[in-house]
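The values are calculated or read from the model by the stated rules, or taken from the named source; none is laboratory data. All values reported here derive from a predicted model rather than from experimental measurement. Please note: Cβ atoms are built from the backbone with ideal geometry, for glycine as well, and neighbour counts cover all protein chains shown.
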Amino acid sequence: MGTPLERLLGHYARRYPVATDRLVIGCVGQDVPVELVVAAGAVPVRLAGKPGADVTAGETYLGAGVDRCTRSVLTRLLAGEYGRLDRLLVSRDCEASLRLFYAVRELRRVEPELGLPETYLVDVLHLPHWTTTRYNRVRFGELVTVLERWTGARLTEEAVAAAIGEYDEHRRLLRAVSALRRGARLTGVQALAAFGAALPVAEHNELLRALPASGLGVYSGRRVFLTGSSHDNPDVYRALEEAGFVVVGEDHDWGDLLAMRPVAAPTLDALVERYQYNGPTAARASIDDRAANTARAAVECGAELVVSYVRGNDDAPPWDFPAQAAALRAHGIPAVLVDRQEYGEIDLAGVCGE
């Protein structure tokens, strides 16, 4: 069986397929309300790309101008690499995700023999206005109807409340993982695996609860905070840590952002507001908000260096960097921009030479 950490690392390395007899719903992006998927009796599985693998099939339909990570996700969908996916939810968290949704929907229409799952767009807006909340509430209501049709289950208030409770506990446990990493008890690679292990939420929570008492190590190195593009795999973290750094935090949506902002109450309306105000991510938050959040988080992590890592065709993060660097200077924390990187790779020259 192994220790809880070993089991989390194993589930992260072997994310697909997920073994379950329930309906499996693939999820793309941070804005998919997984609580509703679980309340409907299905298992949400967030889809990651595969660095270093050929993306020709995905590029055929998305073009070369889309982030390679998204091209990889479509390539893996076309190849059936995720195993059984009964349905697909794609959030409008960035332009690349939106283009993926339209590509899958059109491919189902014109090439049904490809066997792609039925897909639905989760359209969550993030402006801090009551009109935005009203818009999102309508969209969530429509998603409830779709999930009920897909699963044959009724999303009762009790089922929604129970799922919200499970995921609020999940977020609390992930914040404990972040605390272990800040205390040098976990590496960045290990923490990323603890966050991203592909497990039903109840099983994931069980392993996370057992993690602090499972004989963790003590790690040292120059403490790095990562901002910029998200990381759905450990390759960049591993490269940094093999070079003598230790990743103590990040502000992307496969890491610490998953643990932020619990739901205020066990209701659908509270869930709507949680996703409306979740963030801030580079694709949808103001530059000032991003800078303030990055500086606050880096200070909390005791970071000695902030690295803004940006993949090719991920255009939003470089706009944030000057304000982030200025905010960090006020705390005596240097920052470097590593731009136009290949998916899953990092040019360490600019980082090691800082």
Practice problem: Report the residue count in segment 303-350 for those that are over 24 Å from the mean Cα position of the chain (by Cα) and of a type in the set (Val, Ile, Thr). | Solution: 1
Self-check item: Residues of segment 312-354 satisfying the condition of being closer than 24 Å to GLU242 by Cβ and hydrophobic (A, V, I, L, M, F, W, C)
Solution: ILE333, ALA335, VAL336, LEU337, VAL338, ILE346, LEU348, ALA349, VAL351, CYS352
Quiz item: Conditions: (1) at positive phi; (2) touching a strand residue (DSSP E or B) at 6+ places or on another chain (Cβ under 6 Å). GLY152 meets all but one. Number of the miss?
Solution: (2)
Exercise. Scan segment 151-162 residue by residue and report those that are buried (at least 17 other Cβ atoms within 10 Å of the Cβ) and either out of contact with any Leu (no Cβ under 7 Å at 6 or more places or on another chain) or modelled with pLDDT under 95 (or both).
Key: ALA159, ALA161
Quiz item: Just one of GLY215, GLY228 is touching a Ser or Thr at 6+ places or on another chain (Cβ under 7 Å) and either surrounded by fewer than 23 Cβ atoms within 10 Å (Cβ to Cβ) or acidic (Asp, Glu) (or both); which is it?
Solution: GLY215
Exercise. Report yes if some residue within segment 309-320 is among the hydroxyl-bearing types (Ser, Thr, Tyr) and over 19 Å from ALA96 (Cα atoms); otherwise report no.
Key: no
Practice problem: Would you point out the residue of segment 123-135, among those that are part of a helix (DSSP H, G or I) and among the β-branched types (Val, Ile, Thr), that is surrounded by the fewest Cβ atoms within 10 Å (Cβ to Cβ)? | Solution: THR131
Quiz item: Among the residues of segment 236-293, which ones are among the aromatic types (Phe, Trp, Tyr) and either under 18 Å from PRO128 (Cβ atoms) or surrounded by fewer than 21 Cβ atoms within 10 Å (Cβ to Cβ) (or both)?
Solution: TRP254, TYR275, TYR277
Quiz prompt | Boolean, ARG46 is under 22 Å from SER230 (Cβ atoms), surrounded by fewer than 21 Cβ atoms within 10 Å (Cβ to Cβ) and in contact with a strand residue (DSSP E or B) (Cβ under 8 Å, 6 or more places away or on another chain) | solution = yes
Practice problem: Considering (1) among the charged types (D, E, K, R); (2) under 30 Å from LEU143 (Cα atoms); (3) surrounded by fewer than 22 Cβ atoms within 10 Å (Cβ to Cβ), say which one ARG296 fails and leave the rest. | Solution: (2)
Quiz item: Can you tell me which of ARG139, ARG172, ARG185, ARG149 is of a type in the set (Lys, Arg) and in contact (Cβ under 8 Å) with a residue 60 or more places away in the chain?
Solution: ARG172
Quiz item: Can you name the number of the only condition in (1) of a type in the set (D, E, K, R); (2) buried (at least 17 other Cβ atoms within 10 Å of the Cβ); (3) closer than 30 Å to ARG340 by Cα that ARG87 fails?
Solution: (3)
Exercise. Determine whether LEU100 is in the same structural domain as VAL37 (by TED's automatic domain parsing), free of Cβ contacts under 8 Å to residues at least 40 places away in the same chain and surrounded by 12 or more Cβ atoms within 10 Å (Cβ to Cβ).
Key: no
